[in-house]
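A short worksheet on the structure shown next.
The values are calculated or read from the model by the stated rules, or taken from the named source; none is laboratory data. The structure presented is a predicted model; accordingly, all values stated were derived computationally and were not measured. FYI the Cβ positions are ideal-geometry reconstructions off the backbone, even for glycines, and counts take in every protein chain you see. Accessible surface areas use protein heavy atoms only, side chains included; no ligands, DNA or RNA. Shrake-Rupley method; radii C 1.70, N 1.55, O 1.52, S 1.80 Å.
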Amino acid sequence: MLLAELSVRHTRRHMPTRRVALEGAYLPTTGPAHGLALLSAVVAMNLPSIDDEQRELLPRLLRDARHGLTIPRIALRHRLQHDTHGLDRSRHRLLGEDGKLVLELDVHGAPVPQMLGAIMAAASLRSNARPVAVDAIKKVVDGRWRGLTGDVAVRYVAEAWNGTRPPLASTDTWTPGAPAEELLWQGVGPDERWAMEVLGLRAGMRIERDDVNRRFRRLLRDAHPDSGGASAGAAARIEELTEARMILLAVASEEVAAEG
C-alpha cells in the first residue's frame, strides 16, 4: 500500500547544469502523517552530503518555503523550475507491506536535488499543511529528528527510475497490465532512454546514425536564439541535445558493430 510518495526531477549526475523540478507528491500530513515521515527521511539521508556553504543557505530557504516558493529561482546553486523536459527522475516512497513500513529511497541521483525536491514539495502543500511539513524538515536540519519509529524496513533503489516501478523485494519486473509503451522501454538503459526522449524517439524505434543527426540538427536550430529560440535556458538545452546525440551515436555504432 502506498502511504506517501515524492517524485523529483533533476539534472543527471554527469551533466554540468543544475536544475530541479517537482514532478509530484503524495504527502499526507494528518493522522499518522506518513508524508512528513517520508520528507524527513529523504532529507536525513541526503543532508550529510551537503557542503557547509549550502547548509548555511538552508535556514533562509526553509523560511521562504513556509510561505510558498516563487519558482523559477536559484537555491543551493541549483535552478528550481517547473519544466521537467529532459530531466532525470528520482522517486521516494513510504509503503505499507505485511503490517510494517517500508521506506523506499532512490539513491541514484545527487543528494542536493533530493533535498531541494523535498523542500519544494513541502512548499507546494496547502497553507495549513505547509508549516507542519517545513517544520518536519527543519527538525532534521537542526539535528532534532530521531528517525522513524516502529517496524520499519529500508529499501534502496540504485537504478534510474524511468517510468517502470522501482524494484521491490518481491519482484523487479513491470506490474502486469502496464501500458504497452512502457513494456517497450524494458531493457533500455536509463542513459539511452533519456537521450531518446530528448531527441524525440519513441519506445521501440531503431536508433540510426543519420536519423539521430537529423533530429539533433532540427532541435538545435529550434533551440538556438539566432533561429528564434528563447535566450533563457538556450545554453542548457543545447548542451542537453549535444549530450543526447553523443549517447545515441555510440548506441548506433554498437548496433552496427553487433550486426556486422
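Name the residue that is nearest to the chain's Cα centre (by Cα), counting only residues in the range 25-44 that are open to solvent by 50 Å² or more (accessible area, probe 1.4 Å) and either over 16 Å from Ser7 (Cβ atoms) or small (Gly, Ala, Ser) (or both). Outline the logic, then answer.
Going through the range 25-44, the residues open to solvent by 50 Å² or more (accessible area, probe 1.4 Å) turn out to be 25-26, 30-32.
This time we only want the ones that are either over 16 Å from Ser7 (Cβ atoms) or small (Gly, Ala, Ser) (or both), so: 25, 30-32.
Details: Ala25: 12, Thr30: 26, Gly31: 27, Pro32: 26 Å.
Result: Ala25.
Out of the residues in the range 44-65 that are more than 16 Å from Gln114 (Cβ to Cβ) and among the acidic types (Asp, Glu), state the one that is modelled with the highest pLDDT.
Restricting to residues being more than 16 Å from Gln114 (Cβ to Cβ) and among the acidic types (Asp, Glu), the top hit is Asp64.
Residues that are assigned to a helix (DSSP H, G or I), over 17 Å from the mean Cα position of the chain (by Cα) and either under 21 Å from Ala129 (Cβ atoms) or at pLDDT below 90 (or both): does the range 81-97 have at least one? It would help to see each step written out before you state the result.
Initial filter on the range 81-97 (assigned to a helix (DSSP H, G or I)): none.
No: zero hits.
Here's a check for you: in the range 95-129, which residue that is touching a Gly at 6+ places or on another chain (Cβ under 8 Å) and open to solvent by less than 30 Å² (accessible area, probe 1.4 Å) is nearest to Arg193 (Cα to Cα)?
Val102
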